[in-house]
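All remarks here apply to the structure that follows.
Laboratory data are not the source of any read-out in this text; all were calculated from the coordinates shown. Computed from a prediction, not measured in an experiment: that's the story for all the values here. Methodologically, a virtual Cβ is constructed for each residue, glycine included, from the backbone with ideal geometry; neighbour enumeration extends over all protein chains shown.
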Amino acid sequence: MIAKPLAALLLTSALALSASPATAQDSGALTPKQAEAVKKVVRDYLMEHPEVLAESLEALREKMRAQAEADAHKMLEARKDDVYRSADDPVSGNTKGDITIVQFFDYNCGFCKQTFDALWEAVKADGKVRVVYKEYPILGPDSVFAARVALVAKAQSQAKYDDLHRALMKFRGRLDEKAVLRIASEQGFNAEQLKKDITNPEIDRQLSKVFDLGRALDIGGTPTFIVGDRILSSALDQTTFRQLIDNARKTGTGKN
């Protein structure tokens, strides 16, 4: 590691300077002149070896990432009922399955749509996976509108939610209000009634609850999946989903 020579250089410099003739007030501390000399040694070293700074920044980033991950897992345990068992959330797949996958998503998120088929192929292939949806509309007012409509569908029945959710995820292009209402109408919903139902304060409460949970878990993007003790913010393929499911089952971390 490059940082070790730097540490050795600093120690050597400090020892050498501390061995200099003592000042009138022999306090053991570096004099201003000695301190300036140490600064010069460090400055000269960094100018000759700028890669030390890059290495130090990378080490800092890794330390911060590890700490953030540890904090998120502590919060995941503290909020596990909100994560896995909220009565507000749409739940699909095998509702009595032994493994739970939680997904935070946005209907206008391209990566969410990209991963939709992969998720469901893995869920169907396994047969014992429960899927919890977290409506997390972070990409603007159109996304919020789509999430509101979906939650109205969920209030009517899980089956209606599943059908609408699939149709919205399969849509290619920006889901604005007009597109959402058209798709909902094709799924048998009354567009005018939907516009009234989405103003229900209960919908606001449900969305606020998910946003609060997302902030607590430091979820800043979609899609984000929680499988066992893993929190993954990226699009995943079917193979990865199946590996995560198998690992959660083997380690016993997916039973929620």
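Between D229 and R215, the modelled labels are 2.9 nm apart [label points 7 Å from Cα along Cα→Cβ]. Could you list the residues of the stretch 187-231 with an amide nitrogen less than 11 Å from a label point located 7 Å from the Cα of A78 in the Cα-to-C-beta direction? Only 216-217 pass the distance filter.
The relative contact order of the stretch 83-129 comes to 56 percent, based on Cα pairs under 8 Å that sit 6 or more residues apart.
Taking 0.36 nm per residue of sequence separation and removing the Cα-Cα distance, the Q158/R172 pair yields an extension gain of 2.7 nm.
Principal-axis analysis of the Cα atoms of the chain puts helix 177-186 at an angle of about 40° to the longest axis.
Computed from the C-beta positions of T95 and D117 and an R0 of 22 Å, the FRET efficiency is 0.55 to the nearest 0.05.
Within the same chain, aspartates and glutamates fewer than 8 places from K178 are excluded, and of the rest, those with a Cα less than 14 Å from its Cα are D142, E186, E192. For A248, neighbours were defined as the other residues whose beta-carbon sits under 12 Å from its Cβ, and their charges (Lys and Arg +1, Asp and Glu -1) total +3.
Bridges between two residues of the chain, per DSSP, are antiparallel at a rate of about 60%. For K80, the lysines whose Cα comes closer than 21 Å to its Cα, not counting residues fewer than 8 places off in the same chain, are K96, K128, K134, K209, K250, K255. Net length available on complete extension from K196 to A66 is 42.3 nm, with 0.36 nm assigned per residue and the Cα-Cα distance removed. A simple charge model with +1 on the Cβ of Lys and Arg, -1 on the Cβ of Asp and Glu and nothing else charged puts the dipole of the stretch 80-251 at about 260 debye relative to its Cα centre.
Compare the peptides 147-153, 89-95, 174-180 by average per-residue count of other Cβ atoms within 10 angstrom and give them in order, highest first.
Numbers: 147-153: 24.6, 89-95: 18.3, 174-180: 16.4.
Most protected by this proxy first, the peptides run 147-153, 89-95, 174-180.
Treating the angle as unsigned and between 0 and 90°, give the value, to the nearest 10°, between the Cα long axis of helix 51-78 and the longest Cα principal axis of the chain. That works out to roughly 40 degrees. Evaluate the relative contact order of the stretch 80-251 (contact order divided by residue number), counting alpha-carbon pairs under 8 angstrom at least 6 apart; express in whole percent. Value for the stretch 80-251: 31 percent. Considering only alpha-carbon pairs that sit under 8 angstrom and 6 or more positions apart, the relative contact order computed for the stretch 110-175 is 30 percent. Against the main long axis of the alpha-carbon atoms of the chain, helix 110-126 sits at an angle near 70°. Taking volume of the Cα convex hull per residue in Å³ as the quantity of interest, determine which of (i) 201; (ii) 133; (iii) 161 was computed from the displayed structure. For volume of the Cα convex hull per residue in Å³, the calculated option is (i).
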